[in-house]
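Working notes for the structure below.
The values are calculated or read from the model by the stated rules, or taken from the named source; none is laboratory data. Worth saying up front: this structure is predicted, and the values here are computed from it rather than measured. Ideal geometry is used to build each Cβ from the backbone, glycine not excepted, and the neighbour counts take in all protein chains shown. Just the protein is used for accessible areas: all its heavy atoms, side chains included, with ligands, DNA and RNA removed. Shrake-Rupley method; radii C 1.70, N 1.55, O 1.52, S 1.80 Å.
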Amino acid sequence: DAEPTVLAYGPIRALVSMIDDDIRLARILFVESTAEPLLRELRSEMMAGFADLVLHQARLHLDIADSAAGVAHLASTLGVGGLFEILRRRLDGELNFTTDELVEHCAGFLGSLGSYVLLQSASEPTIPSAVGIPGGVCRP
């Protein structure tokens, strides 16, 4: 089994490179699609498909217990949604990172989500309490 961050690096690098190679298409997918209903629906389907792909690859390459499958699906949805928003903001010029920095950070973020899922797989699932909320660890 590979480390989650290592698994995330290649696909993120490929996606960012694809965007860099065709900025016009990327703007349609990540920016303009939010304003047009048909494009918004296609974007939503693309995000769901990408989240499913991330989940499938994670289940293939990481030791994710069946009991953590729901958490893994949640993590893939969160990761893909966040990544799409980061890419939209990058296209709008709101983020000041080089391509290499952006790929490294995004792979680290997605890797962190994968590591969280693996923690849920390793033992009885627990949800760490929010900072400042008494009670330690919550058990579902």
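Is the range 2-22 home to any residue that is outside any helix (DSSP H, G or I), in contact with a Gly (Cβ under 9 Å, 6 or more places away or on another chain) and open to solvent by 50 Å² or more (accessible area, probe 1.4 Å)? Yes, the conditions are met somewhere in the range 2-22. For the range 77-93, the criterion of being of a type in the set (Asp, Glu) and either assigned to a helix (DSSP H, G or I) or in contact with an Asp or Glu (Cβ under 8 Å, 6 or more places away or on another chain) (or both) is satisfied by at least one residue. Filtering the range 94-112 to residues that are out of contact with any Ser or Thr (no Cβ under 6 Å at 6 or more places or on another chain) and not in a loop (DSSP other than H, G, I, E, B) leaves 99, 100, 101, 102, 103, 104, 105, 106, 109, 110, 112. Filtered by the rule that a residue be more than 19 Å from residue 102 (Cα to Cα) and basic (Lys, Arg), the range 1-58 gives 24, 40, 43.
Under the condition of being hydrophobic (A, V, I, L, M, F, W, C) and closer than 19 Å to residue 10 by Cα, the residues counted in the range 53-77 number 7. Could you tell me whether residue 42 is in a loop (DSSP other than H, G, I, E, B) and open to solvent by 30 Å² or more (accessible area, probe 1.4 Å)? Judged against the criteria, residue 42 is not a match.
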